[in-house]
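The values are calculated or read from the model by the stated rules, or taken from the named source; none is laboratory data. What you are looking at is a predicted structure, and each value in this text was computed from that prediction instead of being measured. For neighbour counting, all protein chains shown are included, and Cβ atoms are generated from backbone atoms with ideal geometry for every residue, glycine included.
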Amino acid sequence: MTSAHEDMACGTCLSPLNTTGMPPTYAHPAQVATDGHQPVPIPVNQLDAVRRTCDFCGDPHPTWTLLGGEVAAVLVGEAGGLVQNFGDAWAACATCQTYIDEGRNDKVVDRAVRALGLGNHMQARERIEQLHLAFLNARVPGRTLITTTVWPATLMTARELPKVRDRLARFYRGDDGLPGTLTSTDSRQQIAAGLDRSRLFWIDSDFTDLAEHAAELLPAVTVSRDLMPSTDGLLVWSRPVTTRQITAVSWTADGDGWQLVNYRTVGGGLDGKPLQRLREHVGWLAPVSTDQVHERRVLPGDHPTAALLATWLLIAQRAAEFRAAEIDKAVRKMYARSNRPTPEVQTVHIRANSSTRPTSSRVAPGDSGRSQTNRFWVSGHWRNQPHGPGRALRRPVYINPFLRGPEKAPIKLSTTVRMLSSRKPERKDRE
């Protein structure tokens, strides 16, 4: 719950902060357990994740921000009265939102009572209902999707991507709000149009592992048209990647640049009508962060889209093999009914016998050529490679872990190496 001030969260624990006064002062909400640290206020729009809860029932996966009446409560005790400001912007989970849409505020109160363990305490129930109604009776039409909630992962298959893409484009064109830079109607319409044109890429588990590992070591990358596998695209990994738990990225051509958008999945753990409505109104993906990049812009290795940049680079160095996915039958019928051709989804795999696989005879950077009595693993790393006209440009190329040393020398087992290949190793039965 917030006041009319800018939404702030604590940079230490990622909990939302109560904001009061002018100049504003910040405090952790009374119901949030902390280790006693002082609030470190950071605007919510600068954070990828915030540990908010539903302000109606306490659910840990709030979905929507609603605007309503400014609510305050006076808590009276032996030491006197204490005013607690609940603000005019409340977070609602998908289930509470469903009940609110149906006019079943009693069900919302039931959820709050159960969450607080109040049982049949009628007086407490009445107080909760009074707070809820004070907010809901003055509710402003509309709602804004909360994009900082980290949901349990929802795994998507390649055959589902056309449906995922279409639902996301429809959400951008809809009336539900988005925070930050995506409040602009023009920007939303442009991304939706780019999604309509986009090529679809699904990254298999082995290639996802490779891309995530490579992203951890990524140097600065110069963005250019020949780096991208398509002008507009939507790329989905087989699982969330990096500490940001990003599942997908879209890129949309915009003049001399592109709009890049990171996405997380939404709805994990839901079922029944709340899940059905979330899929209908939002879909499977929620935008987390966005950036406008231009041709020849240099992005640092820790850029929020590092996993995408690493994936693009690996594809550009021909470490990838593409195969067309079989599209879900229901999706094919849906496209046929609207007289649209069924879109193609490219599944991306590690190319067999590619240069990214380890060998035993490669020479590591800085190798003096001196005689070795053992072989040892050299960790995966990026190396700048000349390319372009006159080979005057440089682009990072990922070198997979490889064995260094004489071919028949024993291998030193002092280094942990992450092996990535296009085939799973065969498992032998135990004797």
- Query: Does the stretch 163-174 contain any residue that is of a type in the set (Ser, Thr, Tyr), in the same structural domain as Asp291 (by TED's automatic domain parsing) and in a loop (DSSP other than H, G, I, E, B)?
  - Reply: no
- Message: Quick check on Ala220: is it surrounded by 20 or more Cβ atoms within 10 Å (Cβ to Cβ) and either without any contact (Cβ under 8 Å) to a residue 12 or more places away in the chain or among the aliphatic types (A, V, I, L, M) (or both)?
- Response: no
- Message: Filter the stretch 110-166 down to the residues that are polar (S, T, N, Q) and over 30 Å from Arg197 (Cα atoms) and list them by number.
- Response: Asn120, Gln123, Gln130, Asn137
- Query: Can you find a residue in the stretch 308-325 that is assigned by TED's automatic domain parsing to the domain that holds Asp226, in contact with a strand residue (DSSP E or B) (Cβ under 7 Å, 6 or more places away or on another chain) and closer than 23 Å to Leu178 by Cβ?
  - Reply: yes
- Note on the structure: Taking the stretch 194-204 and keeping residues in contact with a Phe, Trp or Tyr (Cβ under 9 Å, 6 or more places away or on another chain) and either over 22 Å from Trp312 (Cα atoms) or assigned to a helix (DSSP H, G or I) (or both) leaves Gly194, Leu195
- Are any residues in the stretch 176-193 surrounded by fewer than 17 Cβ atoms within 10 Å (Cβ to Cβ) and not in a loop (DSSP other than H, G, I, E, B), and if so, which ones? Gly177, Gly180, Thr181, Thr183, Thr185, Asp186, Gln189, Gln190, Ala193
- Note on the structure: For the stretch 115-164 the number of residues that are acidic (Asp, Glu) and without any contact (Cβ under 8 Å) to a residue 12 or more places away in the chain is 1
- Query: Looking at Val266, is it in contact (Cβ under 8 Å) with a residue 24 or more places away in the chain and either of a type in the set (Ser, Thr, Tyr) or touching a helix residue (DSSP H, G or I) at 6+ places or on another chain (Cβ under 8 Å) (or both)?
  - Reply: yes
- Item | Evaluation of Lys107 against (1) at pLDDT 90 or above; (2) basic (Lys, Arg); (3) buried (at least 19 other Cβ atoms within 10 Å of the Cβ) (one fails), failing number | (3)
- Going by the conditions given, is Leu82 more than 22 Å from Leu270 (Cα to Cα), surrounded by fewer than 13 Cβ atoms within 10 Å (Cβ to Cβ) and modelled with pLDDT under 85? yes
- Task: Take the stretch 131-171 and flag every residue that is in contact with a Pro (Cβ under 7 Å, 6 or more places away or on another chain) and within 15 Å of Val266 (Cα to Cα).
- Result: Thr144, Ile146, Thr147, Thr149, Ala153
- Query: Out of the residues in the stretch 19-49 that are under 26 Å from the mean Cα position of the chain (by Cα) and outside any loop (DSSP other than H, G, I, E, B), which is modelled with the lowest pLDDT?
  - Reply: Asn45
- Query: How many residues, within the stretch 96-151, are under 15 Å from Leu278 (Cα atoms) and out of contact with any Gly (no Cβ under 6 Å at 6 or more places or on another chain)?
  - Reply: 12
- Item | Residue, surrounded by the fewest Cβ atoms within 10 Å (Cβ to Cβ), within the stretch 196-217, restricted to residues that are aliphatic (A, V, I, L, M) and within 25 Å of Leu393 (Cβ to Cβ) | Leu217
- Message: Cβ-Cβ under 8 Å, sequence separation 6+ or interchain: first residue in the stretch 21-35 and more than 17 Å from Gly58 (Cβ to Cβ), partner in a loop (DSSP other than H, G, I, E, B) and at pLDDT below 80. Which pairs?
- Response: Pro24/His5
- Note on the structure: Of the candidates Pro62, Pro41, Pro24, the one satisfying the condition of being in contact with a His (Cβ under 6 Å, 6 or more places away or on another chain), surrounded by 13 or more Cβ atoms within 10 Å (Cβ to Cβ) and over 14 Å from Leu116 (Cα atoms) is Pro24
- among the small types (Gly, Ala, Ser), in contact with a Phe, Trp or Tyr (Cβ under 9 Å, 6 or more places away or on another chain), surrounded by fewer than 22 Cβ atoms within 10 Å (Cβ to Cβ) and in a strand (DSSP E or B), is that true of Ser230? no
